[in-house]
Every structure is written in structure tokens, then in C-alpha cells.
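Everything below concerns the one structure shown next.
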Amino acid sequence: MATSVPAAQALPVTRRPFDGFKAVIGVVASLVPAALVLITLTLLQQARPAIQQFGLRFVVGTAWNPVTNDFGALPGIFGTVATSFMALALALPVGVAVAVILVEPGQTRIRGVIGIGIELLAAIPSVVYGIWALYVLAPWAYEHVEIPVAGRLTTVGFLADPAPRGLFTAALVLAVMILPTLTAISRDVIRAVPRGLKENAIALGATWWETTWKVILPSARAGIFGATILALGRALGETIAVTMVIGNAYVIPHSIFSPAYTLSAIIANEFSEATGPIYPAALIELGLILIMVTLVVNVFALLLVHSTSREASLAA
């Protein structure tokens with residue numbers, strides 16, 4: 001006797017084991033932009049008295065007088081951007097060069113010492129950098145760099161009037177502080193370049209310098225840009241070390257050797273003394289401007305990295 005086959009029934013849908021984990025990760029990841037939005041809204045609320053009183057004039061104003069409640073952010077913006085980009089210009093060639101050396105085979109002991117030294121630089125607190133810069137770096141730079149350069153290039157206005165503490169000294173200590181970030185990320189990016197590219201270039205008769213300059217670095221260009229932006233973000237937000245050596249003069253300096261001020265240094269130095277409704281609100285608005293400056297720089301850098309990656313993919 002033939003048995004009847006039951007109709008096919010739909011199998012129950014089983015959840016994949018990683019669905020819950022992915023959901024948790026998605027929620028946690030969404031907290032990062034949410035925290036940024038919350039911080040920005042809080043700063044907007046606390047800075048409202050200054051925003052209502054000064055408006056856009058606060059961004060282009062150059063005065064900072066708590067007695068008359070006359071405030072402007074332009075000197076702080078200039079000092080923040082100038083020190084950060086000067087530090088980046090000083091640290092970028094050194095960081096990429098050290099990264100190339102660390103990736104190259106051979107001289108294992110030397111590469112180990114350099115690698116450990118670079119990683120230890122990242123562990124030093126900012127205040128220690130500031131003390132070192134104040135008592136060692138600033139006097140050395142003033143005596144051996146600023147005075148000789150200003151004496152020989154007297155006709156160049158932005159290299160005049162050397163001072164023991166100023167923009168140049170702050171840029172130097174920032175360059176040392178962002179060097180570990182630049183070097184570590186650039187090293188990993190250069191190490192990820194396919195080994196076949198280098199071997200093909202050498203097989204075609206290219207020298208080590210030609211291979212590095214024309215093959216390896218162009219292939220790692222997008223990653224090096226990313227390392228540069230991370231280092232720039234560290235430089236824009238640095239406070240203690242810069243405060244100790246920049247001179248803390250609320251002016252737009254005419255020379256890179258002159259004293260200046262940064263947004264974060266102003267907030268750190270004056271927030272505990274701020275009284276009344278306008279003075280604290282003006283300092284909080286400086287923090288809001290610092291976030292905006294960092295955001296604009298990072299968005300521009302991301303667009304640049306995307307454009308560079310697209311060009312590299314089209315060329316490949």
C-alpha cells in the first residue's frame with residue numbers, strides 16, 4: 001500500500017547567530033555621532049548670550065576685554081590654525097621618512113629601537129611635553145633658530161622679532177607630539193602596499209629612491225592623507241603644552257616667532273575666572289568654534305582622501 005507524502009511545510013525562519021551582535025554594534029556605533037550632536041547642542045545653549053550679543057562679529061573680532069565685555073575670536077582661530085599647520089609641515093616629512101625606514105627589511109635592531117622610541121613618544125603626557133618645551137626646546141629654538149634666522153633674513157617680515165615663546169616654539173612641540181600618530185599609521189599603510197609593486201619596479205631597474213618615491217608612496221597616498229588628518233586633529237585640540245610655550249598674547253602676530261594664543265589655551269586659562277553671563281558664554285562659544293574648525297578641516301580632508309583614492313583606483 002502506497003503511503004501518502006505530506007505536503008511540504010515551510011521551515012521555521014531561524015535567526016542567524018550574529019544578528020543580535022550586529023544590532024548591538026549598530027546601536028553603540030550610533031552613539032558616537034549622537035554624542036557629538038549632544039555636545040554641540042549643549043555648547044549652543046550655553047553660548048547663547050554671547051551669540052545673541054555679538055552674532056557673526058564674534059568670529060571676525062580681534063578684541064578680548066572681559067572688563068568691557070568686548071570679545072572676538074579671530075586671534076584665537078588664527079593661532080590655532082597656524083600652529084597646527086606649521087606643526088604638520090614640520091612633522092609630515094619626518095613621520096613619513098621614519099615610516100619608510102621602519103618598513104624596509106634589514107637593520108632589525110635599529111628599526112626596533114626607532115619603533116619603540118616612536119611608540120613611547122605617544123605615551124608621554126602633554127604636561128611633560130610642555131615642561132620639556134618650556135625649559136629645553138624653547139631656549140634652544142630661540143638661541144639657535146630664531147635669532148640666527150631673524151638676523152640673516154631681516155627683510156622677511158614674518159621671520160622678524162624673535163621671542164623666547166611664540167608660534168614657532170608651539171609648532172615645534174606640537175610636531176613632536178603628533179609624530180607618533182603620523183609614523184605609526186603611515187608605517188601600517190606603507191606595509192600594506194603589495195610587495196609585487198616594489199619587486200616589479202626593482203626588476204625594471206629602478207633604484208631604492210625611485211621605487212619609494214614613485215611607486216610605494218603614491219600607492220599609500222590615501223592612507224598617508226588619513227594619518228595626516230588624524231595628526232592634524234590632535235594638533236588642533238592640544239592645550240597644555242601649547243599654553244606653556246606660545247606666549248599667550250591675544251593678537252594676530254605678524255611673525256611666526258611672535259607670541260600668540262589658541263582657542264583651547266584661552267578656554268583653559270580663563271574659564272575659572274569667568275564671571276557674569278557674557279564672559280563664560282564667550283569662552284563656551286570659543287569651544288563651539290573650535291569644534292567647527294576641526295569639523296571643517298576633517299570634512300575637507302575626507303573629501304581630499306576620497307578624491308585621491310578615486311584617482312588611484314582609476315589609474316590602476
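The values are calculated or read from the model by the stated rules, or taken from the named source; none is laboratory data. Please read these numbers as outputs of a predicted model, since none were measured by experiment. So basically every Cβ, Gly included, is an ideal-geometry build from the backbone, and we count neighbours across all protein chains shown.
Among F71, F78, which is modelled with pLDDT of 90 or more and within 24 Å of the chain's Cα centre (by Cα)? Just one listed residue meets the conditions, F78. Inspect all residues belonging to the range 242-249 and state whether any of them is polar (S, T, N, Q), part of a helix (DSSP H, G or I) and surrounded by fewer than 18 Cβ atoms within 10 Å (Cβ to Cβ). No, the conditions are met nowhere in the range 242-249.
For the range 101-136, filtered to residues that are surrounded by fewer than 18 Cβ atoms within 10 Å (Cβ to Cβ) and touching a helix residue (DSSP H, G or I) at 6+ places or on another chain (Cβ under 6 Å), the residue that is modelled with the lowest pLDDT is R111. Here V299 meets each of (1) of a type in the set (V, I, T); (2) closer than 22 Å to T42 by Cβ; (3) under 15 Å from the mean Cα position of the chain (by Cα); (4) crowded, with 19+ Cβ neighbours inside 10 Å with one exception, condition (4). If the condition is being farther than 21 Å from A260 by Cα and not β-branched (V, I, T), then the range 152-162 contributes R152, L153. Scan (1) modelled with pLDDT under 90; (2) closer than 30 Å to T212 by Cα; (3) in contact with a helix residue (DSSP H, G or I) (Cβ under 7 Å, 6 or more places away or on another chain) for the single condition V94 breaks and write down its number. The failed condition is (1).
Among the residues of the range 254-311, those that are outside any helix (DSSP H, G or I) and of a type in the set (F, W, Y) comprise F257, Y261.
Looking at the range 172-179, can you tell me whether even one residue there is at pLDDT 85 or above and surrounded by fewer than 21 Cβ atoms within 10 Å (Cβ to Cβ)?
Just the residues of the range 172-179 that are at pLDDT 85 or above, to begin with: 172-179.
Now narrow it down to the ones that are surrounded by fewer than 21 Cβ atoms within 10 Å (Cβ to Cβ): 176.
Yes, because at least one residue in the range 172-179 is at pLDDT 85 or above and surrounded by fewer than 21 Cβ atoms within 10 Å (Cβ to Cβ).
Annotation: of all residues in the range 204-258 being polar (S, T, N, Q) and within 23 Å of S307 (Cβ to Cβ), the one that is modelled with the highest pLDDT is T228.
Of all residues in the range 78-89, those that are over 10 Å from L174 (Cα atoms) have Cβ atoms under 6 Å from Cβ atoms of residues that are surrounded by 19 or more Cβ atoms within 10 Å (Cβ to Cβ) and polar (S, T, N, Q), 6 or more apart or on another chain, in G79/T262; T80/T262.
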